Amino acid sequence: MGFYEQHIGPRLVRCLCGMADISAEREKVVPQATGTVLEIGFGPGLNLPFYDPARVTRVIGVDPNEPFLRLGEAQQRAARVPVEIRQAPAEQLPLDAASVDTAVVTFTLCSVQDPMQSLSELGRVLRPRGQVLFLEHGLSHEEPVARWQRRLNPWWKPLAVGCNLIRPVLGSFQAAGFRIGECEEYYLPRTPRPMGFLSRGRAQPA
């Protein structure tokens with residue numbers, strides 16, 4: 001891992017993902033989590049302020065990227081819920097089957113190495129009535145926007161430390177065997193459309 005990936009890229013991504021408009025979207029999703037919560041792509045812990053301590057028993061944060069986790073140490077210390085950190089990829093979750101009530105996935109499917117394997121692992125660790133709460137950006141349904149996403153992706157991906165603009169969010173969940181319970185798709189205000197097509201909702205294993 002080079003100097004940019006260790007020091008500059010993580011700080012840039014934290015800044016972008018911590019913007020006020022994105023934080024407002026997180027606040028619509030994260031408080032719905034209950035019980036034992038798994039958060040993949042935990043990174044600098046930007047979701048931690050939004051967990052409801054009256055509803056959440058503990059949060060298990062999983063991320064393979066040590067520089068991102070290091071940026072979140074202060075957030076972890078200030079958390080209102082118990083936090084356990086596991087440095088591991090989403091494709092190989094260090095958790096028992098049927099051990100999680102809620103999985104939280106925010107701005108993560110864009111950067112995992114294998115989205116389908118990561119979603120398969122979520123299905124494995126969720127309890128029978130568990131749910132995935134997701135807030136993701138991805139490939140737009142509008143072809144003019146999608147064309148720009150495909151053009152920009154080769155430059156955007158290294159700049160944003162592995163983030164892809166062209167992964168279909170709902171299609172990935174459905175292909176991995178999840179049932180979409182509710183979902184809203186829209187563009188984030190004050191954001192260029194190629195970077196701002198969001199999908200927000202919940203899913204359960206079919």
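For a distance above 15 Å, tell me the whole-number percent of Cα pairs in the stretch 1-76 that qualify.
Beyond 15 Å sits 57 percent of the P(r) for the stretch 1-76.
With a 1.4 Å probe and all protein chains left in place, how much of the accessible area of the chain comes from carbon and sulfur atoms, in whole percent?
Looking at the chain in its full context, I get 54 percent from C and S.
From the backbone phi of the stretch 33-47, what are the Karplus-calculated ³J(HN,Hα) couplings (6.51 cos²θ - 1.76 cosθ + 1.60, θ = phi - 60°) in whole Hz, Gly and Pro given as x?
In residue order, the calculated couplings are 5, 9, x, 7, 10, 10, 10, 8, x, 4, x, x, x, 5, 7 Hz.
So what's the net charge close to Pro67: Lys and Arg +1, Asp and Glu -1, counting the other residues with Cβ under 11 Å from its Cβ?
So the surrounding residues net to 0.
Taking the Cβ of Gln117 as the center, what net charge do the other residues with Cβ under 12 Å away carry, scoring Lys and Arg +1 and Asp and Glu -1? Present the calculation step by step, with values, prior to reporting the outcome.
Working: positive: Arg124; negative: Glu91, Asp114, Glu121.
After counting each charged neighbour, the total is -2.
Considering Cα pairs under 8 angstrom that are at least six residues apart, work out the relative contact order of the stretch 128-204 and quote it in whole percent.
43 percent.
What's the magnitude of the charge dipole for the chain around its Cα centre, counting Lys and Arg as +1 and Asp and Glu as -1 at the beta-carbon? Answer in Debye, nearest 20. Please report the intermediate quantities before stating the final value.
Values: 23 positive and 21 negative charges, 43 e Å.
Computed charge dipole of the chain: roughly 200 debye.
Where does the charge balance sit around Ala98 when Lys and Arg score +1, Asp and Glu -1, over other residues with C-beta under 12 Å from its C-beta?
+1
Between Ser99 and Glu142, with labels modelled 7 Å along Cα→Cβ, what's the label distance in nm to one decimal, could you check?
4.4 nm
The values are calculated or read from the model by the stated rules, or taken from the named source; none is laboratory data. Please read all numbers here as calculations on a predicted model, not as lab measurements. Every residue, glycine among them, receives a Cβ derived from its backbone with ideal geometry; neighbour counts consider all protein chains shown. Protein only, heavy atoms only, side chains kept; ligands, DNA and RNA dropped before computing areas. Shrake-Rupley method; radii C 1.70, N 1.55, O 1.52, S 1.80 Å.
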